[in-house]
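Undergrad: One structure is given below, represented as structure tokens, and several questions about it will come after.
The values are calculated or read from the model by the stated rules, or taken from the named source; none is laboratory data. None of the values given here were measured: they were computed from a predicted structure. Glycine gets a Cβ as well: all are built from the backbone with ideal geometry, and neighbour counts include every protein chain shown. Quick note on the areas: whole protein, heavy atoms, side chains included, nothing else; ligands and nucleic acids left out. Shrake-Rupley method; radii C 1.70, N 1.55, O 1.52, S 1.80 Å.
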Amino acid sequence: MSIADVIDSVPECVRVKTPPPHCALRMWPGVVLVFAYWAFYAATQVLELPIYARFMSRMAANAVLLLLVTAWWFTNRTVRFGERAMLWSLWAIAGVTAGFLCDRSFGPMGLVFIALPVTLTAWCLWLAVARRMSAEARRWGTVVAVTGAWGLFCVVTMDGVTGTGGANIRLRWTRSAEQVYLAERADAKTNTPAATSPKVDGIELRPGDWAEFRGPLRQGELRGVTIATDWNTAAPKLVWRQRVGPAWSSVLIVDGRLFTQEQRGEEEVLVCLDAATGREIWSHADTTRFSDGQAGAGPRSTPTFADGAIYSLGATGVLNCLDAASGKLRWSRNIANESGAPLPMWGFSSSPLVTDGVVVVYAGGENDKGMLAYDAATGEPMWSVPTGAISYSSPQKIVRNGVTEVTLLSDRGLVAVEAASGKLAWEFAAAKQGIWRAVQPRQIDRGILIGSEDLGLVLVDVAAKDQSNPAELWRSKAMKPAYNDFVVLDGFLYGFDDAVFGCVDLESGKRRWKGGRYGHGQVLLLVDQRLLLVISETGEAVLVAAQPERLEELGRFQAIQGKTWNHPVVAHGRLYVRNDEEIACYDVTAGGESTPR
């Protein structure tokens, strides 16, 4: 065969710069690119990837998809150049228009992460279907496909994402859970007298109460308490359930009262309920609202009870001290203004710590305005210390060599200061620029255990009396906790590695087992029964045996509906669970209530 014969065998639409109208388009590269993208997306949903790694890999994949599709399209000589420029411009202009018209819940990141790959897919698939159509039909069909795909994101809204990054989408004209809640409150005329009136003689801490984030010592464990465990044959009895405004706060149970935070429209609210009935007793509102495209609206931190007062920190930085009995405001500060810290990507999330006469919160300001302490009685500033600029963890109290210290984990590492004075005690440097860390440090016999997605687990030696720079005992990637706190029992750690539950040996840092697929949930340890009470990301309550040999589920039931990232609470024979839509109370009594110790 001669060279002329080979040239003649090549389709005219490939040989010439301007193909004739009847020529079929070469569309398979675009189809391959979008299918490869969605295969990669599916893999990131299934694979056990840290949230940060999943986020960054999807961002890179979206950028690569846009780049490759654009490059392929503009080098596709089976399409006239004018048509190539016109159709790509149509897609881009429709995208910019959608950016102005779409619901603000998407924001630029939502459009880039969700709308961009969807619209590119719709465009490429349509061109594949229309590759043998006339140029006019192809162009008009492209107008419909592209504007329709982008237009889809103008008629829907996003209520945040799941722990693995999946979007929670609903039609724009339907009401959100918060809107339904507010409408129900308005219909019920919320001034109806509560079942229990505010106490005039003050609120006192009782045995068995739950007074701060993650309970006593912020360790997520209960001692001296037993609950019923035959959930497979007799699920816990529902005592009450009701809607609640969005927030990722947990609850406090003190002297028959339940305290939590929620968002009500443009007001951030600290609310006091009757723990037995769920009836509202009092509420305090600040006119402020925080929302982000991933976690949604509402406060992030859990209030703290101490000496008759409730301390709360809102997502925009409003720190309040209120009388726990009446809800009367005692004092208020704004940590954003006082620290100069920018509003964090997911809001201020530090649960206030009250110790040694001060209330301590994380702000993340520059210089020495990282962690702030105020006089618990008056709200006057007491001390402040430098920390990293990013943290979603809370101050953690430890006792070392007889001295009370406050520790804080941030992107700079772990810092510890004397609670009364703010004097630096020691610091474990573990810098990682731009990484978020959210898990509470845990003091064990051998040192301080910290965990995050980038670090994995690290055991820090703080046993020496004078040790400004403590050593690392071991480091392990057997578990990389994101924002899901772990618990410790008899030398073993139980917690979440991404969305999978597991157990790690604290002597060696090696994994013992892994397999409980509960999403990005939370865990509570009942020490006496060697039980782990897990609340899954979908609102299931699961009992798991706290044993290092293997995963053993003992029972489960659906406690609440919807995305659940909030910590569960057990107090006085009741299980309290909440998320950003509802709150519920269950009777888990087993043969009478015992007195916690």
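Undergrad: Residues of the stretch 40-74 being among the hydroxyl-bearing types (S, T, Y) and in contact with a helix residue (DSSP H, G or I) (Cβ under 9 Å, 6 or more places away or on another chain), which ones?
TA: Y41, T44, S57, T70 - these are the residues of the stretch 40-74 that are among the hydroxyl-bearing types (S, T, Y) and in contact with a helix residue (DSSP H, G or I) (Cβ under 9 Å, 6 or more places away or on another chain).
Undergrad: Checking the conditions here, which among V118, V144 is in contact with a helix residue (DSSP H, G or I) (Cβ under 9 Å, 6 or more places away or on another chain), modelled with pLDDT of 85 or more and over 29 Å from S291 (Cα atoms)?
TA: Testing whether each residue is in contact with a helix residue (DSSP H, G or I) (Cβ under 9 Å, 6 or more places away or on another chain), modelled with pLDDT of 85 or more and over 29 Å from S291 (Cα atoms) leaves just V144.
Undergrad: Provide a single number: the residues in the stretch 347-386 that are assigned to a loop (DSSP other than H, G, I, E, B) and within 27 Å of the chain's Cα centre (by Cα).
TA: So the count comes out to 13.
Undergrad: If T233 passes every condition in (1) under 21 Å from the mean Cα position of the chain (by Cα); (2) outside any strand (DSSP E or B) but one, which one does it miss?
TA: (1)
Undergrad: Same structure, new question: Any residue in the stretch 258-269 that is in contact with a helix residue (DSSP H, G or I) (Cβ under 6 Å, 6 or more places away or on another chain), open to solvent by less than 60 Å² (accessible area, probe 1.4 Å), within 24 Å of E537 (Cβ to Cβ) and touching a residue at least 40 places away in the same chain (Cβ under 8 Å)?
TA: Checking the stretch 258-269: not a single residue is in contact with a helix residue (DSSP H, G or I) (Cβ under 6 Å, 6 or more places away or on another chain), open to solvent by less than 60 Å² (accessible area, probe 1.4 Å), within 24 Å of E537 (Cβ to Cβ) and touching a residue at least 40 places away in the same chain (Cβ under 8 Å).
Undergrad: Okay, moving on. Can K480 be described as more than 16 Å from G220 (Cα to Cα), within 26 Å of the chain's Cα centre (by Cα) and in contact (Cβ under 8 Å) with a residue 40 or more places away in the chain?
TA: yes
Undergrad: Continuing with this model, one more query. Could you count how many residues in the stretch 574-587 are assigned to a loop (DSSP other than H, G, I, E, B) and either surrounded by fewer than 21 Cβ atoms within 10 Å (Cβ to Cβ) or among the charged types (D, E, K, R) (or both)?
TA: Residues in the stretch 574-587 being assigned to a loop (DSSP other than H, G, I, E, B) and either surrounded by fewer than 21 Cβ atoms within 10 Å (Cβ to Cβ) or among the charged types (D, E, K, R) (or both): 2 in total.
Undergrad: Take the residues in the stretch 393-433 that are crowded, with 18+ Cβ neighbours inside 10 Å and over 28 Å from the mean Cα position of the chain (by Cα), then tell me which one is farthest from V354 (Cα to Cα).
TA: Across the stretch 393-433, the extreme among qualifying residues is W426.
Undergrad: Against the condition open to solvent by 40 Å² or more (accessible area, probe 1.4 Å) and in contact with a Leu (Cβ under 7 Å, 6 or more places away or on another chain), how does L68 come out, does it pass?
TA: Details: open to solvent by 40 Å² or more (accessible area, probe 1.4 Å): yes; in contact with a Leu (Cβ under 7 Å, 6 or more places away or on another chain): yes.
In short, yes.
Undergrad: Let me ask something else about it. So, in the stretch 285-326, exactly how many residues are in contact with a Phe, Trp or Tyr (Cβ under 7 Å, 6 or more places away or on another chain), more than 27 Å from V439 (Cβ to Cβ) and open to solvent by 10 Å² or more (accessible area, probe 1.4 Å)?
TA: The total comes to 1.
Undergrad: Could we say that L252 is under 16 Å from S312 (Cβ atoms), crowded, with 24+ Cβ neighbours inside 10 Å and in contact with a Phe, Trp or Tyr (Cβ under 6 Å, 6 or more places away or on another chain) here?
TA: yes
Undergrad: If you go through the stretch 525-544 one residue at a time, do you hit one that is assigned to a loop (DSSP other than H, G, I, E, B), among the β-branched types (V, I, T) and either over 22 Å from L457 (Cβ atoms) or touching a residue at least 60 places away in the same chain (Cβ under 8 Å) (or both)?
TA: Yes, the stretch 525-544 contains a residue that is assigned to a loop (DSSP other than H, G, I, E, B), among the β-branched types (V, I, T) and either over 22 Å from L457 (Cβ atoms) or touching a residue at least 60 places away in the same chain (Cβ under 8 Å) (or both).
Undergrad: Has the stretch 44-62 got any residue that is open to solvent by less than 50 Å² (accessible area, probe 1.4 Å), modelled with pLDDT of 85 or more and in contact with a Cys (Cβ under 9 Å, 6 or more places away or on another chain)?
TA: Scanning the stretch 44-62 turns up no residue that is open to solvent by less than 50 Å² (accessible area, probe 1.4 Å), modelled with pLDDT of 85 or more and in contact with a Cys (Cβ under 9 Å, 6 or more places away or on another chain).
Undergrad: Examine the stretch 90-107 for a residue that is touching a Cys at 6+ places or on another chain (Cβ under 8 Å), in contact (Cβ under 8 Å) with a residue 40 or more places away in the chain and surrounded by 18 or more Cβ atoms within 10 Å (Cβ to Cβ), and state whether such a residue exists.
TA: yes
Undergrad: Now for a separate question. Among the residues of the stretch 519-556, count how many are farther than 24 Å from L47 by Cα and among the charged types (D, E, K, R).
TA: Count: 4.
Undergrad: Using the structure shown, decide if S332 is in a strand (DSSP E or B) and open to solvent by 10 Å² or more (accessible area, probe 1.4 Å).
TA: So S332 fits the description; yes.
Undergrad: Take R437 and decide whether it is among the basic types (K, R) and touching a residue at least 24 places away in the same chain (Cβ under 8 Å).
TA: yes
Undergrad: Does at least one position in the stretch 231-248 carry a residue that is among the β-branched types (V, I, T) and open to solvent by 20 Å² or more (accessible area, probe 1.4 Å)?
TA: Filtering the stretch 231-248 for residues among the β-branched types (V, I, T) gives 233, 239, 244.
Narrowing the set further to residues that are open to solvent by 20 Å² or more (accessible area, probe 1.4 Å) leaves 233, 239.
Scanning the stretch 231-248 turns up at least one residue that is among the β-branched types (V, I, T) and open to solvent by 20 Å² or more (accessible area, probe 1.4 Å).
Undergrad: May I pose another question? Of the conditions (1) under 22 Å from R218 (Cα atoms); (2) surrounded by fewer than 18 Cβ atoms within 10 Å (Cβ to Cβ), S508 fails just one. Which one is it?
TA: (1) is the only condition that S508 fails.
Undergrad: What's the number of the only condition in (1) open to solvent by 40 Å² or more (accessible area, probe 1.4 Å); (2) under 17 Å from R218 (Cβ atoms); (3) under 21 Å from the mean Cα position of the chain (by Cα); (4) not aliphatic (A, V, I, L, M) that Q440 fails to meet?
TA: Only one criterion in (1) open to solvent by 40 Å² or more (accessible area, probe 1.4 Å); (2) under 17 Å from R218 (Cβ atoms); (3) under 21 Å from the mean Cα position of the chain (by Cα); (4) not aliphatic (A, V, I, L, M) is unmet by Q440, namely (1).
Undergrad: Moving on to the next point. Anything in the stretch 118-144 that is within 35 Å of the chain's Cα centre (by Cα), among the hydrophobic types (A, V, I, L, M, F, W, C) and open to solvent by less than 40 Å² (accessible area, probe 1.4 Å)? List them, or say none.
TA: L120, A122, W123, C124 - these are the residues of the stretch 118-144 that are within 35 Å of the chain's Cα centre (by Cα), among the hydrophobic types (A, V, I, L, M, F, W, C) and open to solvent by less than 40 Å² (accessible area, probe 1.4 Å).
Undergrad: Is it the case that the stretch 218-227 has a residue that's open to solvent by less than 50 Å² (accessible area, probe 1.4 Å), in a helix (DSSP H, G or I) and at pLDDT 95 or above?
TA: Our first condition is that a residue be open to solvent by less than 50 Å² (accessible area, probe 1.4 Å); within the stretch 218-227, this holds for 218-222, 224-225, 227.
Within this subset, residues satisfying the condition of being in a helix (DSSP H, G or I) are 218.
When the remaining residues are screened for being at pLDDT 95 or above, the result is 218.
Yes.
Undergrad: When the stretch 270-284 is examined, which residues are found to be assigned to a loop (DSSP other than H, G, I, E, B) and either of a type in the set (D, E) or open to solvent by 20 Å² or more (accessible area, probe 1.4 Å) (or both)?
TA: Correct list: A276, T277, R279.
Undergrad: Report whether or not T355 is farther than 24 Å from Y576 by Cα, touching a Lys or Arg at 6+ places or on another chain (Cβ under 7 Å) and either modelled with pLDDT under 95 or surrounded by fewer than 20 Cβ atoms within 10 Å (Cβ to Cβ) (or both).
TA: When the stated conditions are applied, T355 passes them.
Undergrad: Something else about it: For the stretch 564-597, how many residues are of a type outside the set (G, A, S) and at pLDDT below 95?
TA: Going through the stretch 564-597 one residue at a time, the tally reaches 5.
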